[in-house]
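Working notes, structure below.
No value in this document is a laboratory result; all are computed from the given coordinates. Worth saying up front: this structure is predicted, and the values here are computed from it rather than measured. Don't worry about glycine lacking a Cβ; one is built from the backbone with ideal geometry, like all the others, and counts go over all protein chains shown.
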Amino acid sequence: MSLQTLFPTQIYRSLLPLAFRKRWIPSLVKETKLFRDLDDEGRAWSREHYYGGYTSYSSITDLAFRSSGFADLKQWIDREVKKYASSLELDLGAGRLEMSALWLNTMGQGCHHSFHLHPLSTISGTFYLQVPKGSGEFKIEDPRLSSFMASPPRKKTAKLANLRFFSFIPRVGEMVLFESWLKHEVTANQSTSERISVSFNYDWIPARA
């Protein structure tokens, strides 16, 4: 008998080294709050579309060009994305992966982010700056879920590879990477403190003719 595992869904998790967590994260949290205070457009958009939270997705997506701290973080993310792309065996040809957006997310009590994906990008991810206890989980679903018509549910004791949903509570200084077509959500923040993260997209830039 031969059993093969086909079409795996790979996510990549990496923890920023301790020395950099101590040096970068407090200042990045302060910068996040400063950007929010200055971002009238983003706060207005968030009041209408992001109940209980703030995101600069519609207003400030070039943090690495506005802040030396976020520029340093981008350099680390670039290296990790390169490792992830290698594990996925992506054939980029003569092209390259390039960060196309880097934006802020602040989730207050009750704020959640329902299932979504990042169309037109190749690799997406989130880096966590502040994660109070009870502030929600990062959750993904099996991308084949819509095709499971007559399939029974999985056992509660099923192996990780057989689950239809997977979730985890991120740590401060942790980053998760995933292919941009993968549906994911952030469950509601049940804490009275804010959950703060930075999200980003990488696009495949083909070589110029």
In degrees, nearest 10, the alpha-carbon axis of helix 18-38 is tilted away from the dominant principal axis of the alpha carbons of the chain by 60 degrees
Residues 28, 120 in order from fewest to most other beta-carbon atoms within 10 Å are 120, 28
Within the chain, pairs of Lys residues whose Cα atoms are less than 21 angstrom apart, provided they are eight or more positions apart or on distinct chains, add up to 15
For Cα extents along the principal axes in Å, with candidates [x] 65, 38, 30; [y] 51, 40, 29; [z] 61, 48, 35, the value calculated from the shown model is option [z]
Residue span residue 92 to residue 148: 0.36 nm per residue of separation minus Cα-Cα distance leaves a gain in nm of 17.0 nm
Output ordering of 172-178, 43-49 (per-residue mean of other Cβ within 10 Å, highest first) is 172-178, 43-49
Relative to the chain, whose Cα atoms define the longest principal axis, helix 68-88 and its Cα axis are tilted in degrees, nearest 10, by 10 degrees
